[in-house]
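The values are calculated or read from the model by the stated rules, or taken from the named source; none is laboratory data. Predicted model, so just to flag it, every value in this text is computed and none were measured. Cβ placement follows ideal geometry from the backbone for every residue including glycine, while neighbour counts extend to all protein chains displayed. For the accessible areas, the whole protein counts, side chains as well, though only heavy atoms, and no ligand, DNA or RNA atoms are used. Shrake-Rupley method; radii C 1.70, N 1.55, O 1.52, S 1.80 Å.
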Amino acid sequence: YNEALERPHSHHDASGFPIPVEKSWTYKCENDRCMRVGHHGKSAKRVSFISCSMTCGDVNIWPHPTQKFLLSSQTHSFSVEDVQLHVDTAHREVRKQLQLAFDWFLKDLRLIQRLDYVGSSSEPTVSESSSKSRHHADLEPAATLFGATFGVKKAGDLTSVQVKISVLKSGDLNFSLDNDETYQLSTQTEGHRLQVEIIANSYFGARHGLSTLQQLIWFDDEDHLLHTYANSKVKDAPKFRYRGLMLDTSRHFFSVESIKRTIVGMGLAKMNRFHWHLTDAQSFPYISRYYPELAVHGAYSESETYSEQDVREVAEFAKIYGVQVIPEIDAPAHAGNGWDWGPKRGMGELAMCINQQPWSFYCGEPPCGQLNPKNNYTYLILQRIYEELLQHTGPTDFFHLGGDEVNLDCWAQYFNDTDLRGLWCDFMLQAMARLKLANNGVAPKHVAVWSSALTNTKCLPNSQFTVQVWGGSTWQENYDLLDNGYNVIFSHVDAWYLDCGFGSWRATGDAACAPYRTWQNVYKHRPWERMRLDKKRKKQVLGGEVCMWTEQVDENQLDNRLWPRTAALAERLWTDPSDDHDMDIVPPDVFRRISLFRNRLVELGIRAEALFPKYCAQNPGECI
Amino acid sequence: DDVGSDADAGSASRKWLCSRTDICTAEGEMVAGLQYAPEIFESQRDCRLSCGKYGAIWPMPTGKECTISHRRVRFDPWKVRFHVVAPGEAATQFLRETNRLFVSNLLKECIRNCTLETSKQILVRSTVANESLVLDWPTDESYALVVRTTETATFVDIQATTVYGARHAFETLSNLVTGSLSNGLLMVTTANITDRPAFSHRGVLLDTARNFVPLKFIRSTLDAMAASKLNVLHWHVVDTHSFPLEITRVPEMQRYGAYSSSQTYSRQDALNLVKYARLRGIRILIEIDGPSHAGNGWQWGPAAGLGNMSVCLNQSPWRRFCVQPPCGQLNPLNDHMYAVLKEIFEDVAEVGAPEETLHMGGDEVFLPCWNNTDEIRDGMRARGYDLSEQSFLRLWSQFHQRNLNAWDEINERMYPGIKEPKSVIIWSSHLTNPRYIETYLPKERFIIQTWVESQDALNRELLQRGYRLIVSTKNAWYLDHGFWGSTSYYNWRTVYSSGMPVGRSKDQVLGGEVCMWSEYVDQNSLESRIWPRAGAAAERMWSNPKSSALLAQRRFYRYRERLLARGIHADAVIPHWCVLHEGQCL
């Protein structure tokens, strides 16, 4: 047993790029399908899978455009170095933000062109420093990435790609549910120059235009160049204003890097709200400026925390990708570890039932913890935290107060003479009042709470509260909430809970929703249609959100749990495609398109789950 | 403010205690009325090393002797000295490599800094009685491990019959070590452990045909298997979808069957994997599936003048020709197919260890495929067969018998020193129906890998008929389940609780395998699908515990943390709070 053989340096193993070169096949487009044909030493020009896919069949933009799209059959080749930006806007801040977004767009193009890997361009090898660089702590991309050229530059048939972005109306860079996200994109070839024009009314529309442009560009491993259409025209707008993903960072801690990687995927899929479930009963990883004791007592360890700078960094990064960060400090329930230091500071019990046993008496999941609704210090602390979070992620018209799963038996131990439901309602109203104080005296237009027994009453005014509906999609509460005039965001457990299907993590109690929500289940879920909502009620549906609760998920498998299933939600909410298929069957063409989108995620370093055997990816339509 | 000096501030300054109920508890969170051992530990992981009869050892030792002290010795991993006592040069060299792997694993437990100015010496002596490097079902994998500490040094004495027992002892020794929050590593001062596996076949099936798995991920699978004392990687390397393995005698297989030229395993890759695995106490059992599940890679027959070696290849609509697209089933009437298959077997025999055998597949033969193929129907009639199911089963069994003969001939020629003919393994199927298995598959030569559900009578019936079994209980050990159709996910508790059938004699049930079929899995989710659940099966097959998963959970969570430390992206199975607060999330 020679040690030298223990770590083989095989040629194949050195090929670290996650999308392999597949030179043994060429592809032909027949009946809108790419057919795989052996290409063993033949003299005819080889057509790679991606080049065939991008010019065969329906448009490969995910989510599918909603208004108009025209793509020429002719394509051109170029290198990322040929791409230049010109911004046309009267708003200086918008110009700066667009420049930032474009810089990251170019970084992504370099990944797509396999340039940010050391080694020859024909045999890319992943370098640790290169793979780390895309998530560098600084928001500004390193200049060397653009000054230096790795590998051999090849000349395409285009000498330049001029991208002109025009933001005509709004100079607003603040997220709101009224952001105009529409965009128009057109490309035109003039000689050896490609003119790309993105026209939008706001930064956010322009940002989505960039995501579409990125999906009109692909890498061909035959000439190692980027390719795009000679002419194209896309006009697009989302059906729903709120297209979200919730990540729970309390059951398990997630690094800033993994959160940013998630946001990159969201940006490519044109999702716009990252709901950050920052804290829960298990841990309090956020380091508050005013009350650092929360993290000192509540974080799993000193290194498993988010500083204010981290939160700001994530929010600024997310804006580059057109994604709003919505922080949630869950309250009054789901608040325990981190809130147990009150008495030592002379503030009384800030929370109750912390880690109390037997847990099933006092909460829905161990450990227990619920804020003390009669302690004024509790409200003061919440106000300060809201203030801090709004400073780093706002200004905004949307905030999340939590309000999930209050266990009245917990409070009953202490307040046996009180109307507990009323106490809960008072808490939410008081939290709202504190939020208003934290937001310079103005309540955000949409303040969200999870659906609960409380939202089934009319205690919370529908003019101020939006309800995130997580219960089953057939529950009566879905109709009642809309009838009671609330705006809603759907996150139905039976379709859009991505944590389902991994069994119970404890021996007692109901700790599992099952089965696994496949991407088809996520995609087919269309509650507004099934509920037959009239126009008025449909307008109350702000959108939807997939939820990744992390009892059984940590950083080691975040990507493959989220993607590409989250992309299925993206198309449901952006495009809201209608079809005549049975409820549980996805149209065949969607398989092909989501498979290509999944490959795009993998190109960007997101470890998305496989959808089917590789044979089925190479032979679209054969496995349905 | 005074928060920084608060006794409860930060986990770094907390002390931990071990309760009489084997729960590690942080100081300040002790339960009134519960008794605690007097020793104080610096961290939860420190406490876990010895809290409970089996401490943090995974899988649970099976010998009568298992004592672990609560005291610790602090040491620098570079100050560990090794002494090998082995009868032959090969065994000596193997153990030297094992020593190096052990140090490498120790280093992965370092938290802050592992260098110590003055460190106690750790002297490890491993003594092996047998010089053989053969790893087979009869191989003795037992060991005895004694740790004792004096004023000057800590002595570790490992006694084993074979190098594989010794390597398992080193694995257990790594479970007696954890990183210190301040400096260096901590090891228990005293331990006395005897251990041996309950089953000799403890496997993981890895399917690299439906989705290609790069070598790096196969090696990480082997690393995780080594950490779990699993000893067989069942490499389902080819299937209808693709044929990525290089066959030097028949290069067309890979050329026509691989997804791409960069998604292949060369002959050298396979040889290197076999060596890498063996050093970790793992055999690589290659499966060349057939007659079904054989398609892409076999389509070059007509152009080469060999006729259709595989039929129904990539046929549509696939539901008429196979159970899963794409279709492909070998043509049992084509002699050229047998000649090619024999060449494939020769390559496989060369790549594997001399004592290694072959998995011939044999699952899910779709008789309508053959019945829908004119060439085969005509050929059967020409041989005097009718087209009944019985005739097709007979044809199918002849396929296996003919391949068995080829395999025997290859081994006689290639490894004349091995006297006994090697038994081959096939999947349970219609052919292994108890009503006629004895007609078609002699028990002396065929080992059956069953994949029936736990309550199915097949295992019992085959055992009664004297067949040797490898068990892959579909409704507990199929790790691809839960993500498609109406299948369910099996969490680690379900995997752990799935029992093994009992044979008439001790070695009739060779063991089992968890199966990672890769229709919906590639490198991006492979590790989180397999681990740490496969570790639960590892304890089932090594220890065959009578106790429940409930009692194993604290050791299991620590085992998962060790996998993470070794770079395996193992799934989370419970909120982190529950890992840190033992016994609070029942």
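Quick one: dipole size for the stretch A:524-619, taken about the Cα centre, charges +1 on Lys/Arg Cβ and -1 on Asp/Glu Cβ, in debye to the nearest 20. With Lys and Arg at +1 and Asp and Glu at -1, about 440 debye.
For the pair B:Lys15 and B:Ser488 in one chain, pulling the backbone fully straight at 0.36 nm per residue adds 166.1 nm over the alpha carbon distance.
Counting Cβ atoms of other protein chains within 10 Å of each Cβ in B:565-574 and taking the mean gives 5. Within the stretch A:302-458, DSSP assigns beta bridges of which about 35% are antiparallel (rounded to the nearest 5).
Given R0 = 22 Å, the distance between the Cβ atoms of A:Thr474 and A:Glu405 translates into a calculated FRET efficiency of 0.65. Take the alpha carbon atoms of the stretch B:158-239, find their radius of gyration, then divide it by 2.2 N^0.38 Å using N residues; give the quotient. Relative to the 2.2 N^0.38 Å estimate, the stretch B:158-239 comes out at 1.41. Protein-only accessible surface at a 1.4 angstrom probe places the residues A:Lys28, A:Lys235 in the order A:Lys28, A:Lys235, largest first. Here is the tail figure for the stretch A:477-604: Cα pairs spaced more than 20 Å apart come to 51 percent of all pairs.
Accessible surface for chain A, divided over its residues, is 35 Å² per residue with a 1.4 Å probe. Residue-wise HN-Hα couplings along the stretch B:29-41, as the Karplus relation 6.51 cos²θ - 1.76 cosθ + 1.60 with θ = phi - 60° gives them from phi, are 10, 5, 8, 4, x, 8, 9, 10, 5, x, 5, 10, 10 Hz; Gly and Pro carry x. Remark: mean inter-chain Cβ contacts per residue of B:262-271 equal 4, using a 10 Å Cβ-Cβ cutoff to other protein chain atoms. In this structure the amide hydrogen of B:Thr161, modeled in the peptide plane, comes within under 5 Å of the amide hydrogens of B:Ala129, B:Ser142, none closer than 5 places in sequence on its chain. Only Lys, Arg, Asp and Glu carry charge here, each on its Cβ (+1 for the first two, -1 for the last two); on that basis the protein assembly as shown has a dipole of about 540 debye about its Cα centre. Is the stretch B:334-377 best put as rounded, prolate or oblate by its Cα gyration tensor, with a ≥ b ≥ c the root eigenvalues, rounded for a/c under 1.5, and otherwise prolate when a/b is larger than b/c, oblate when not? Note, shape of the stretch B:334-377 comes out oblate. Simple spin-label estimate for B:Asp386 and B:Asp456 gives 2.9 nm between the two label positions (7 Å along the Cα-to-Cβ direction from each Cα). In order along the stretch B:394-406, the phi-based Karplus estimate (6.51 cos²θ - 1.76 cosθ + 1.60, θ = phi - 60°) of 3J(HN,Hα) comes to 5, 4, 5, 5, 5, 4, 5, 5, 5, 5, 5, 4, 4 Hz; Gly and Pro are listed as x. Cys residues of the protein assembly as shown that find no other Cys beta carbon under 4.7 Å: A:Cys547, B:Cys66, B:Cys515. Annotation: peptides A:223-229, A:99-105, ranked by per-residue average of other Cβ atoms within 10 Å with the highest first, follow the order A:223-229, A:99-105.
By DSSP, the beta bridges lying fully in the protein assembly as shown are antiparallel in about 40 percent of cases.
Entry note: the protein assembly as shown has Rg to Rh equal to 0.97, where both radii use alpha-carbon atoms and Rh is the Kirkwood radius. Counting every pair of alpha carbons in the stretch B:74-183, the share spaced more than 19 Å apart comes to 44 percent.
For chain B, the spherically averaged projection of the C-alpha convex hull amounts to 29.8 nm². Quarter the surface of the alpha carbon convex hull of the stretch B:353-494 and you get the mean projected area, 11.5 square nanometres.
Just so you know, the Rg over Rh for the stretch A:267-310 is 1.11, from Cα atoms, with Rh as the Kirkwood radius. When peptides B:553-563, A:433-443 are sorted by average Cβ neighbour count within 10 Å, with the highest value leading, the order is B:553-563, A:433-443. Any idea how far the Cα center of the stretch B:376-424 sits from the one of the stretch B:225-269, in Å? Each part's Cα centre sits 24 Å from the other's.
Ranking B:Ile448, B:Gly466, B:Pro434 by how far each Cα lies toward the positive end of the dipole of the stretch B:430-514 (charges on Cβ) leaves B:Gly466 at the top. Pairs of Cα atoms in the stretch A:460-522 fall into 5 Å distance bins, from 0 up to the last occupied one, in shares of 4, 17, 21, 17, 15, 13, 9, 4, 0 percent.
Put the Cα centre of the stretch A:384-413 next to the Cα centre of the stretch B:99-124 and the gap is 47 Å. Rounded, prolate or oblate: which one fits the stretch A:210-249, using the alpha carbon gyration tensor with axes a ≥ b ≥ c (rounded when a/c is under 1.5, else prolate when a/b beats b/c, else oblate)? Judged from the Cα gyration tensor, the stretch A:210-249 comes out oblate (a/c at least 1.5, b/c at or above a/b). Here's the picture: a label point sits 7 Å out from the Cα of B:Asn544 along the beta-carbon direction, and within the stretch B:484-499 the residues with their amide nitrogen under 17 Å of it are B:496-499.
In terms of overall dimensions, the stretch B:436-586 has a Cα radius of gyration and Dmax of 17.2, 58 angstrom. Secondary-structure-derived ellipticity at 222 nm for chain A, considering helices only, amounts to -9000 deg cm²/dmol, per-run term -39500 (n - 2.57) for DSSP H runs with n ≥ 4. Label-to-label distance, B:Lys443 versus A:Glu93, with points set 7 angstrom from Cα along the beta-carbon direction: 8.2 nm. The per residue volume of the convex hull around the alpha-carbon atoms of chain A is 179 Å³. All C-alpha pair distances within the stretch B:267-334, sorted into 5 Å bins from zero, spread as 4, 17, 18, 15, 12, 11, 12, 8, 3, 0 percent across the bins.
Put simply, the C-alpha atoms of the stretch B:191-280 give a gyration tensor, and the ellipsoid matching it has half-axes of 30, 12, 11 Å, longest first.
Within the shell defined by Cβ-Cβ distances under 15 Å, the residues around B:Val311 carry a net charge of -2, with Lys and Arg each +1 and Asp and Glu each -1. Taking amide hydrogens as placed 1.01 Å from N in the peptide plane, the amide H of B:Val509 sits under 5 Å from those of B:Leu469, B:Gly503, each at least 5 positions away in sequence or on another chain. For the residues of A:279-292, the average number of beta carbons from a partner chain within 10 Å of their own beta carbon is 1. Stokes-Einstein diffusion of the stretch B:473-557 at 25 °C, 0.890 mPa s viscosity, Kirkwood radius from Cα pairs, rounded to a whole number: 179 µm²/s. When the Cα atoms of the stretch B:297-408 are aligned to their principal axes, the ranges along those axes come out at 41, 28, 28 Å in descending order. Entry note, chain B: relative contact order of 13 percent, from Cα contacts under 8 Å with a spacing of 6+ residues. Taking the C-alpha atoms only, the angle from helix B:549-565 to the longest principal axis of chain B is near 90 degrees. Quick one: in the stretch A:167-276, what % of C-alpha pairs are over 23 Å apart? Above the 23 Å cut-off, the stretch A:167-276 has 42 percent of its Cα pairs.
With the charge dipole of the protein assembly as shown set up from +1 on Lys and Arg Cβ and -1 on Asp and Glu Cβ about the Cα centre, the Cα lying farthest toward the positive end among the listed residues A:Gly322, B:Ser50, B:His236 is that of B:His236. Can you tell me the 0 to 90 degree angle between the C-alpha axis of helix A:588-603 and the longest principal axis of chain A, rounded to 10? Roughly 90 degrees between the two axes. Between A and B, roughly 6100 Å² of accessible area is buried in total, ligands, DNA and RNA not counted and the probe set to 1.4 Å.
Out of A:Thr189, A:Gly471, A:Ile287, whose Cα points farthest toward the positive end of the dipole of chain A (charges: +1 Lys, Arg; -1 Asp, Glu; placed on Cβ)? Final value for the positive-end residue is A:Thr189. Direction-averaged projected area, Cα convex hull, the stretch A:215-335: 10.6 nm², rounded to one decimal. When both bridge partners sit in chain A, DSSP labels roughly 40% of those beta bridges antiparallel. The share of Cα pairs per 10 Å bin across the stretch B:192-237, counted from zero up to the longest distance, runs 24, 47, 20, 7, 1 percent.
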